[in-house]
Amino acid sequence: MAALYRPGLRLSWHGLSPLGWPSCRSIQTLRVLSGDLGQLPTGIRDFVEHSARLCQPEGIHICDGTEAENTATLTLLEQQGLIRKLPKYNNCWLARTDPKDVARVESKTVIVTPSQRDTVPLPAGGARGQLGNWMSPADFQRAVDERFPGCMQGEPVSKWPCNPEKTLIGHVPDQWEIVSFGSGYGGNSLLGKKCFALRIASRLARDEGWLAEHMLILGITSPAGKKRYVAAAFPSACGKTNLAMMRPALPGWKVECVGDDIAWMRFDSEGRLRAINPENGFFGVAPGTSATTNPNAMATIQSNTIFTNVAETSDGGVYWEGIDRPLPPGVTVTSWLGKPWKPGDKEPCAHPNSRFCAPARQCPIMDPAWEAPEGVPIDAIIFGGRRPKGVPLVYEAFNWRHGVFVGSAMRSESTAAAEHKGKIIMHDPFAMRPFFGYNFGHYLEHWLSMEGRKGAQLPRIFHVNWFRRDEAGHFLWPGFGENARVLDWICRRLEGEDSARETPIGLVPKEGALDLSGLRAIDTTQLFSLPKDFWEQEVRDIRSYLTEQVNQDLPKEVLAELEALERRVHKM
Ligand code: OXD
Ligand code: MN
């Protein structure tokens, strides 16, 4: 599995890229199976020809993007045993990957720049950097030389072509170039997604004065008919897709989805921040998705969907943990590993990072403006994480600068979307830690610089945590559709309502300001409590993370916000 990707931004490549691909040994005749090389723009043709000579595939298929091509590809993959049809649904397919190729491989994802500091801050005291991996152009060249020549020759040994030992996801931002080797898992191989729309795009955005962010975008309309758009950054597996497709539990409210994972945002000529979703579909985590947690996602994936590493039922359907659907009598389950499985078994039937991949247009609540080229106007940015302790349901930042600090201090329980093990609380600033295309300190400068933009109407910034638990480990907040109650408060704050009180960490809803009507008793005291010992430890952790990891590149404004929080927590 190898892929070379150029987003089509600069295609002036003639045999030898600036990266210096190894020169080709044999100039054999290229076998074009479909399409016409002569019809391609010169730059693309050169790229294809050179890549083919390098990788030596049996033939070249030039994609035309037609439905017929899609059908033929699916049929071929089925014949090769790579995917199985799911007869219970319309045009839905199941792929089971090699069990070693199931998630993003952060340790093998690199950004290549001549200077290390352009990619990552240099941590203090020789600590290991946690804000991305840098590779020098020379090392990268060696890695490419080792992997690509002849890599498409011959029959793949296993059914699922991957090469976990040699996996490498390389980004060369100076050339707008992505080089991915050894993995067929979506986050590593759908190069338009994390690789381009976040890593390369974040660097482009910095250079051109806009923002490429790991954020969902949703429109919310109040019972009075007032519509607002918000963007929200949560680390992987914190329910971004569920929030983006929420069915509000509050009567009269409507949520519409613009996107569930990535937002590109720029200020328009009137100073409003406008966002587009650069993706065409959803690549969501399956486990936990059900008719209760996300009915709109369930409706979206009834047709034209590729499932990866979920379990299969004997009547040709899909199954996973938390699908919340009893098995019909006599129906049996085959796990993602292809083994018989029954409820109660120790191992999960679906891989925790198993996925659905479906066209966005199938979601019943896509926003009418979801493809509008000018984007939708963003009034609020919401940060969040999965925090079992200490962090209240919602708070508002005092101002933009404080909001940038809140983003920099984000933490969350680790996720199955990457190779991490165990439930540890990880720092994940702006939910971008695995996706920064350049030095995080410079990224913070870029966010801070928005404040100085003439005429910019800066969105308000909030932080939410749906995942706080009580002493016995029970969730204190019901979540899902009930999160509309938090969005309602946010909307009222945007209208200028005086419904917040100041705390050391930010502005929280005043007593009674959150609409809890019709809910079972909610322990708001616990939900909003700010234990002093927790926050003392939290600020210590934030300080050591930011000063160690961002070190010399930490903007003084962010350090000043940290110091102000430390003083407020001290006085608690
Ligand atoms: C994802 C992620 O969207 O890991 O897959 O963030
Ligand atoms: Mn994501």
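Laboratory data are not the source of any read-out in this text; all were calculated from the coordinates shown. Keep in mind that what you see is a predicted model, and the values were worked out from it rather than measured. Using ideal geometry, Cβ is built from the backbone for each residue, glycine included, and neighbour counts are taken over all protein chains shown.
Take the Cβ-Cβ distance between L74 and R453 as r, set R0 to 45 Å, and report the resulting FRET efficiency rounded to the nearest 0.05.
About 0.45, to the nearest 0.05.
Taking 8 Å as the Cα distance limit and 6 or more residues as the minimum spacing, I'd like the relative contact order of the range 268-406 as a percentage.
In percent, rounded to a whole number, it is 34.
Using alpha-carbon positions, what is the distance between the centroids of the range 244-320 and the range 425-440, in Å?
Spelled out, the Cα-based centre of one part sits 23 Å from the other.
From the Cα trace of the range 365-515, what convex hull volume per residue do you get, rounded to a whole Å³?
Hull volume over Cα atoms, normalised by residue count, gives 170 Å³.
I need the fraction of alpha carbon pairs in the chain separated by more than 32 Å, rounded to a whole percent.
Across the chain, Cα pairs with separations above 32 Å total 48 percent.
Rounded to the nearest 5, what % of DSSP beta bridges with both residues in the chain are antiparallel?
70 percent
Net charge within 15 Å of R272 by Cβ-Cβ distance, Lys/Arg positive one each and Asp/Glu negative one each, not counting R272 itself?
Neighbour charge sum, excluding R272 itself: +3.
Quick one: if you take sqrt(5λ) for each eigenvalue of the C-alpha gyration tensor of the range 448-542, what semi-axes come out, biggest first, whole angstrom?
26, 20, 12
Helix 440-449: angle to the longest alpha-carbon principal axis of the chain, degrees 0 to 90, nearest 10?
60 degrees
Tally Lys/Arg at +1 and Asp/Glu at -1 over every other residue whose Cβ is under 14 Å from the Cβ of L94; what's the total?
Within the 14 Å Cβ shell, the charges total +3.
Return the loop-located GluC sites (Glu not before Pro) in the range 440-531 (DSSP other than H, G, I, E, B) with at most 15 other Cβ atoms within 10 Å of their own Cβ; answer none if there are none.
Here the sparse-neighbourhood loop sites are E471, E495, E497, E511.
Within the P(r) computed for the range 331-453, what percentage of the Cα pairs occupies the region above 25 Å?
So the pairs more than 25 Å apart make up 52 percent of the total in the range 331-453.
Taking Cα atoms, how many degrees apart are the long axis of helix 556-570 and the longest axis of the chain, rounded to 10 and kept between 0 and 90?
40 degrees
Just tell me which lysines come within less than 18 Å, Cα to Cα, of K226; anything on the same chain fewer than 8 places away is out.
K254
Using Cα-Cα distances under 8 Å and only pairs 6 or more residues apart, what relative contact order does the chain have, in percent?
Once divided by the residue count of the chain, the mean separation gives 15 percent.
How do H171, H446 rank when sorted from fewest to most other Cβ atoms within 10 Å of their own Cβ?
In order of increasing Cβ crowding within 10 Å: H446, H171.
Relative contact order of the range 34-143: what whole-number percent is it, with Cα pairs under 8 angstrom and at least 6 residues apart?
Reported as a whole number, the value is 15 percent.
What are the GluC sites (Glu not before Pro) within the range 33-92 that DSSP puts in a loop, where the Cβ has at most 15 other Cβ atoms within 10 Å?
Listed in order of number, the matching sites are E58.
For the range 42-98, just the Cα atoms, rotate onto the principal axes and tell me the three extents in Å, largest first.
45, 27, 15
Can you tell me the Rg and Dmax of the range 434-476, counting just the alpha carbons, in angstroms?
17.3, 51
Distances over 23 Å make up what percent of all Cα-Cα pairs in the range 227-353?
Considering the range 227-353, 42 percent of its Cα-Cα pairs are separated by more than 23 Å.
For the range 241-315, which GluC sites (Glu not before Pro) are in a loop by DSSP, counting at most 10 other Cβ atoms within 10 Å?
Taking the range 241-315 and a limit of 10 other Cβ atoms within 10 Å, the loop GluC sites (Glu not before Pro) found are E270.
Taking only Cα atoms, what is the 0 to 90° angle, nearest 10, from helix 137-147's long axis to the longest principal axis of the chain?
Value to nearest ten degrees: 50.
With no solvent and one point on each alpha carbon, what is the Debye value of log10 I(q)/I(0) for the range 161-296 at q = 0.12 Å⁻¹?
Debye output, listed in q order: -0.58.
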